[in-house]
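What follows is a short report on a single structure.
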Amino acid sequence: MAAMKLAAPSLLNDYYSNLLACSRTGLIALALGSDVYLWNSETQSLEGHVHPAQGSAPHSLPGRAGRPRQAVSSLCWSVDGRLLSIGTRQGLIQLWDVETKITLGCLRPHLSGVGALSWKQNLLSSGSVLGRIHHHDPRVPAALVGAAAQPGGVCSLQWSPGEDRLASGSKDGRLSVWDGDAAAAAAGQTAKPLRPPLVTMKQPSAVKAMGWCPWQRHVIATGGGWRDGELRIWDTQSASCVNSYATNSQLSASLQICSLLWAEERRSLVCGHGLPHHDISCWAADGPTSLDRSHQLKGHTDRVLHLAMSPASASRLFSAGADERVHVWSL
């Protein structure tokens, strides 16, 4: 049973968006339509909201300031928890100082929606629906310092815990791992071919639910979508699936995995599901690549699209569902 339930009207029911994120200080960001609300997980109070695509900033492009608000498609906190990066369905990326609620810049936009964002110290990586990956350094005038491309649209993106590898998941089932030298293919060097990924692995459904294991440097978990439902553990060094787990039971078909995250302190993996049960499953990590399903959390009435956990409290889990509800769970 959830310890708390919150209404989330206008939460976009989109499998490929990333609309919930928690900072290292425990500040929750939740995108509802074209607004982003900030909720303090420690005091359990609303701290305000921000409006993407409003105002001017040092990295704003001509004509971008003062544009109408745009539907948010992705969120990600900087490593220090000071900045919130916001991507929109129109391709815009903004940086916000959450303490002052002031936008610090509009980065060079994508030509399509921003499906995922991930920080590596002061470097922000973004992935688009058209399969482009951009690397931005907001500290310099020409913020776009690198680029890459994959065949399918980017629906997940995450730097490894050691920040030496970047993983991207695509809508066509590709899991790609890229070298950590993000500026190797400079954006302005159009004549120079972009570097390919170090390795690419394939599953039958979109790689939306994806996460690096915090305590196993080269291990990634991915979740299968509709009519797949497999939870897979990958070794990125050998580019192989070293273990997989069916999410079905004797009474149901495979469960769609919409979201997942690792809980390092608890040595466990948490998965948010869609049809048929819309529940959350918790898996205990028995070994480096071995999992055992421990228990389930029930309460959502539609697919669990997003999960987040505060680093300050490993016993508190946040989930956002297509039922326009946010649940706070005590693990």
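Scanning region 82-109 for residues that are open to solvent by 10 Å² or more (accessible area, probe 1.4 Å) and in contact with a Ser or Thr (Cβ under 9 Å, 6 or more places away or on another chain) gives Arg82, Arg89, Gln90, Trp96, Asp97, Val98, Thr103, Pro109.
Scanning region 299-311 for residues that are over 17 Å from Leu20 (Cα atoms) and in contact (Cβ under 8 Å) with a residue 40 or more places away in the chain yields one hit, Gly299.
Can you pull out every residue in region 140-170 that is surrounded by fewer than 21 Cβ atoms within 10 Å (Cβ to Cβ), in a loop (DSSP other than H, G, I, E, B) and out of contact with any Phe, Trp or Tyr (no Cβ under 7 Å at 6 or more places or on another chain)? Val140, Pro141, Ala142, Pro151, Gly152, Gly162, Glu163, Asp164 - these are the residues of region 140-170 that are surrounded by fewer than 21 Cβ atoms within 10 Å (Cβ to Cβ), in a loop (DSSP other than H, G, I, E, B) and out of contact with any Phe, Trp or Tyr (no Cβ under 7 Å at 6 or more places or on another chain). In this structure, Lys208 does not satisfy being at pLDDT 90 or above, open to solvent by 60 Å² or more (accessible area, probe 1.4 Å) and out of contact with any helix residue (DSSP H, G or I) (no Cβ under 9 Å at 6 or more places or on another chain). Considering only residues that are assigned to a strand (DSSP E or B) and of a type in the set (D, E, K, R), which ones fall in region 1-48? Once the filter is applied, which keeps residues that are assigned to a strand (DSSP E or B) and of a type in the set (D, E, K, R), region 1-48 yields Lys5, Asp35, Glu47. Among all residue pairs at least 6 apart or on different chains, which show Cβ distances below 8 Å where the first residue, located in region 278-292, is within 10 Å of Asn243 (Cβ to Cβ) and the second is assigned to a loop (DSSP other than H, G, I, E, B) and open to solvent by 30 Å² or more (accessible area, probe 1.4 Å)? Pairs that qualify, where the first residue is within 10 Å of Asn243 (Cβ to Cβ) and the partner is assigned to a loop (DSSP other than H, G, I, E, B) and open to solvent by 30 Å² or more (accessible area, probe 1.4 Å), are Pro288/Gln216; Thr289/Gln216.
Is it the case that region 185-199 has a residue that's modelled with pLDDT under 95, open to solvent by 10 Å² or more (accessible area, probe 1.4 Å) and under 16 Å from the mean Cα position of the chain (by Cα)? Taking every residue of region 185-199 in turn, none turns out to be modelled with pLDDT under 95, open to solvent by 10 Å² or more (accessible area, probe 1.4 Å) and under 16 Å from the mean Cα position of the chain (by Cα).
Within region 316-324, is even one residue touching a residue at least 40 places away in the same chain (Cβ under 8 Å), over 18 Å from Ala209 (Cα atoms) and open to solvent by less than 50 Å² (accessible area, probe 1.4 Å)? Yes, that holds for at least one residue. Condition check for Gln256 on (1) in contact with a His (Cβ under 7 Å, 6 or more places away or on another chain); (2) modelled with pLDDT of 95 or more: one failure, at (2). Among the residues of region 72-81, not a single one is in contact with a Lys or Arg (Cβ under 8 Å, 6 or more places away or on another chain), on the phi < 0 side of the Ramachandran plot, at pLDDT below 90 and crowded, with 21+ Cβ neighbours inside 10 Å. Each residue in region 211-253 was checked for being of a type in the set (Asp, Glu), at pLDDT below 95 and in a strand (DSSP E or B), and 1 pass. For region 289-303, the set of residues classified as out of contact with any His (no Cβ under 8 Å at 6 or more places or on another chain) and in a loop (DSSP other than H, G, I, E, B) consists of Thr289, Ser290, listed by residue number.
The values are calculated or read from the model by the stated rules, or taken from the named source; none is laboratory data. Everything quoted here is computed from the prediction, not taken from an experiment. Neighbour counts run over all protein chains shown; Cβ positions are idealised from the backbone, glycine included. These accessible areas exclude ligands, DNA and RNA; they are computed on the full protein's heavy atoms, side chains included. Shrake-Rupley method; radii C 1.70, N 1.55, O 1.52, S 1.80 Å.
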